[in-house]
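Remarks on the structure that follows.
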Amino acid sequence: MIRIFSILVICGFSVLSAGAKPASVASIDPEDIAEYETANPAVRALIENALKLTDKKLTYQFGSNSPSNKGMDCSGTVQHTLQTMGLESVPRSSYAMYHWAEEQSELTHTPGVTSTDDDVFEGLKPGDLLFWEGTYETGDRNPPISHVMIFLGTLKKDGEGVVFGASDGRRYRGKKICGVSVFDWKVPSKGSSSKFVAYGPIPGFPDQTEEEEVEKESANVAGELKTVLELLFKKRQPSTR
């Protein structure tokens, strides 16, 4: 009985895979991202791993979290990418990821936001998780989280934001995408059935702000030391009178 069930599951998934749309994706190089060179090593590695997946030409495949299936869905793509970074406890669904991030880190909620230029996004950093609701019917989920992606940063060539994940229908610079890809950083407009609801750091991932604080403190110490040395040197200079 177990063997028959396994065969049905495998065959059923094969049918789903065969019926998936052909991949139509876009990719960029890590160096195309303005923040890449100054990001901490963990964030740089995340960007690199994400963009390697976009080169595999994977389609959008609902229910999949493995590139071996020739496609993945949004949460499967995020889960797989983070697991390759050593984060084994990443939940499978966008809804579970939202609560995971809410409980273990600090999410910034964005009620009513309709533009990425909104001041609420001042704290958005490369590597942050992005959450939407209402992109499809979610039943009794509370909140009705239905989509997740990762913010990569802004492109050097146009200053516009870019995100990573999987979708069937979102766009990248005018191109309609189906698959694991980079996408334009957009949020739903007013009146849309979907909403952007929150963003925040990946739980257990190195916090770039902590590294920035260390760098600032080091710079302050170096500046103070320079001032002290300059004063000592000045005192040792012979008088010209």
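The values are calculated or read from the model by the stated rules, or taken from the named source; none is laboratory data. Note that the coordinates shown come from a computational prediction; the quantities given were computed from them, not determined experimentally. In this analysis, Cβ positions are derived from the backbone assuming ideal geometry, glycine residues included, and neighbour counts consider all displayed protein chains.
Look at region 130-160 and say how many of its residues are in contact with a Lys or Arg (Cβ under 7 Å, 6 or more places away or on another chain) and either without any contact (Cβ under 8 Å) to a residue 24 or more places away in the chain or hydroxyl-bearing (Ser, Thr, Tyr) (or both). Final tally of qualifying residues: 0.
Can you say whether Lys176 is surrounded by fewer than 18 Cβ atoms within 10 Å (Cβ to Cβ) and farther than 21 Å from Glu35 by Cβ, as far as the supplied structure shows? So Lys176 fits the description; yes. Considering Leu130, Leu124, Leu155, the condition of being farther than 29 Å from Arg92 by Cβ, touching a strand residue (DSSP E or B) at 6+ places or on another chain (Cβ under 7 Å) and at pLDDT 95 or above is satisfied by Leu155 alone.
Against the numbered list (1) under 17 Å from Asn49 (Cα atoms); (2) outside any loop (DSSP other than H, G, I, E, B), Gly127 comes up short only at (2).
Meeting the requirement of 1 or more residues that are surrounded by 14 or more Cβ atoms within 10 Å (Cβ to Cβ) and at pLDDT 95 or above, the helices (runs of 4 or more DSSP H) wholly within region 1-90 are 41-54, 74-83. Looking at His99, His109, just one residue is closer than 15 Å to Phe196 by Cα and surrounded by 13 or more Cβ atoms within 10 Å (Cβ to Cβ), and that residue is His109.
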